[in-house]
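*Asks:* Dumping the structure here so I can ask a few things about it.
Every number in this text was worked out from the coordinates using simple rules, so none of it is lab data. Only a predicted model underlies this, so the values are computations on that prediction, with no experimental measurement involved. No Cβ is skipped: glycine too gets one built from the backbone with ideal geometry, and neighbour counts run over all protein chains shown.
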Amino acid sequence: MSELDTVLDRPALASQGQIDMKLEVVVIPVSDVDRAKQFYRDIGWRLDSDFVVGDDFRLIQFTPPGSPCSIHIGHGITPAAPGSARGLYLVVSDIEAARAELIRRGADVSEIFHQWVGETPMPGPDPSRRSYHSYATFSDPDGNQWLLQEITTRFPGRIDATATSFASTADLAAAMRRASAAHDTYEKSLGTAHANWPDWYAEHMAAEQSGADRPA
């Protein structure tokens with residue numbers, strides 16, 4: 001076996017879980033590229049590129065705020081029918097703030113509703129603001145539908161507890177506010193001030209994101 005064959009012997013590496021597979025782009029089918037470009041720019045998504053190759057190909061990339069995954073719109077890039085994209089989740093830490101921002105930018109966003117798997121949707125955010133329960137929807141001009149979902153605490157095992165990160169300063173600030181509220185409750189249970197609050201905050205914020213047990 002040559003050295004190249006050894007390098008290309010990927011199945012063994014894959015079986016050890018050593019190859020990352022990162023979803024980085026989702027293609028959104030649109031009918032009017034310039035109209036779609038204006039829509040996504042208006043709602044505050046970052047315009048990364050606009051490539052034109054002759055009359056038959058155009059590719060535009062946008063990235064939602066704080067997202068590791070981008071979208072592609074254009075022509076000559078997908079046979080899918082314009083408006084056929086569904087089930088596109090946009091995870092937010094505060095659904096009310098996210099909805100208000102989108103409306104301010106001109107998007108037609110549904111009222112907030114809450115539901116769990118198999119349940120009937122109910123009006124308003126989840127009363128206890130449980131993660132994964134609160135939603136709102138909006139569509140682009142072609143009818144491609146986006147779903148806002150509020151998540152503040154991940155299911156256990158969903159996030160590596162040793163690799164805590166925040167996509168934006170807004171997400172970090174929201175996590176700190178939740179940690180502050182939880183710490184106030186903790187101090188009341190102690191009946192005294194807790195001096196080592198920075199470590200407590202850090203442990204709480206990491207555990208909230210990874211789904212691990214919170215500090216007691």
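*Asks:* Under the √(5λ) rule applied to the eigenvalues of the Cα gyration tensor, what semi-axes describe the equivalent ellipsoid of segment 21-150? Give them in Å, descending. Write down the numbers at each step before the final one.
*Replies:* On the way: eigenvalues 166, 40, 37 Å².
So the equivalent ellipsoid measures 29, 14, 14 Å along its semi-axes.
*Asks:* What distance in nm separates the two pseudo spin-label positions at SER110 and PHE155, each 7 Å out from Cα along the beta-carbon direction?
*Replies:* For SER110 paired with PHE155, the spin-label model returns 2.1 nm.
*Asks:* With a cut-off of 8 Å between alpha carbons and a minimum separation of six or more residues, what is the relative contact order of segment 25-175 in percent? Write down the numbers at each step before the final one.
*Replies:* Values: 270 pairs, mean separation 34.5, N = 151.
Normalised by residue count, the contact order of segment 25-175 is 23 percent.
*Asks:* Okay, moving on. If each residue of separation counts as 0.36 nm, what is the full-extension length gain between GLN145 and ARG130 once their alpha-carbon separation is subtracted?
*Replies:* On the way: separation 15, 0.36 × 15 = 5.40 nm, distance 2.34 nm.
Going from the current span to full extension adds 3.1 nm.
*Asks:* Pulled fully out, how much extra length does the chain show between LEU88 and GLN38, if you take 0.36 nm times their separation in residues and subtract their Cα-Cα distance? All intermediate terms of the calculation are to be shown ahead of the outcome.
*Replies:* Numbers: separation 50, 0.36 × 50 = 18.00 nm, distance 1.93 nm.
Going from the current span to full extension adds 16.1 nm.
*Asks:* If you stretched the chain out fully between THR169 and ILE103, how much longer would it get, using 0.36 nm times the residue separation minus the C-alpha to C-alpha distance?
*Replies:* Working: separation 66, 0.36 × 66 = 23.76 nm, distance 2.12 nm.
Additional length available on full extension: 21.6 nm.
*Asks:* Using +1 on the beta carbon of Lys and Arg, -1 on that of Asp and Glu, and nothing else charged, what's the dipole of segment 14-65 about the Cα centre, debye to 20? Write out the running numbers ahead of the final one.
*Replies:* Working: 6 positive and 9 negative charges, 36 e Å.
Taking the Cα centre of segment 14-65 as origin, the dipole is about 180 debye.
*Asks:* If you place +1 on the Cβ of every Lys and Arg, -1 on the Cβ of every Asp and Glu, and leave all else neutral, what size is the dipole of segment 21-150 about its Cα centre, to the nearest 20 Debye?
*Replies:* Values: 12 positive and 18 negative charges, 44 e Å.
With Lys and Arg at +1 and Asp and Glu at -1, about 220 debye.
*Asks:* Right, next: Once you put a point 7 Å from the Cα of THR192 and another 7 Å from the Cα of ASP48, both along the Cβ direction, what distance in nm separates them?
*Replies:* If labels sit at THR192 and ASP48, their model points lie 5.3 nm apart.
*Asks:* If you build the Cα gyration tensor of segment 169-210 and take the root of 5 times each eigenvalue, what three semi-axes come out, in whole angstrom, biggest first? Kindly include the intermediate steps, with their values, before the conclusion.
*Replies:* Working: eigenvalues 75, 19, 15 Å².
The three semi-axes for segment 169-210 are 19, 10, 9 Å.
*Asks:* Toward the positive end of the charge dipole of segment 21-150, about the Cα centre and with charges on Cβ (Lys, Arg +1; Asp, Glu -1), which of PRO65, PRO141, VAL33 goes farthest?
*Replies:* Highest projection toward the positive end goes to PRO65.
*Asks:* Right, another one. Rounded to whole Å and sorted largest first, list the principal axis extents of the Cα atoms in segment 88-138.
*Replies:* The Cα atoms of segment 88-138 stretch 32, 20, 18 Å along their principal axes.
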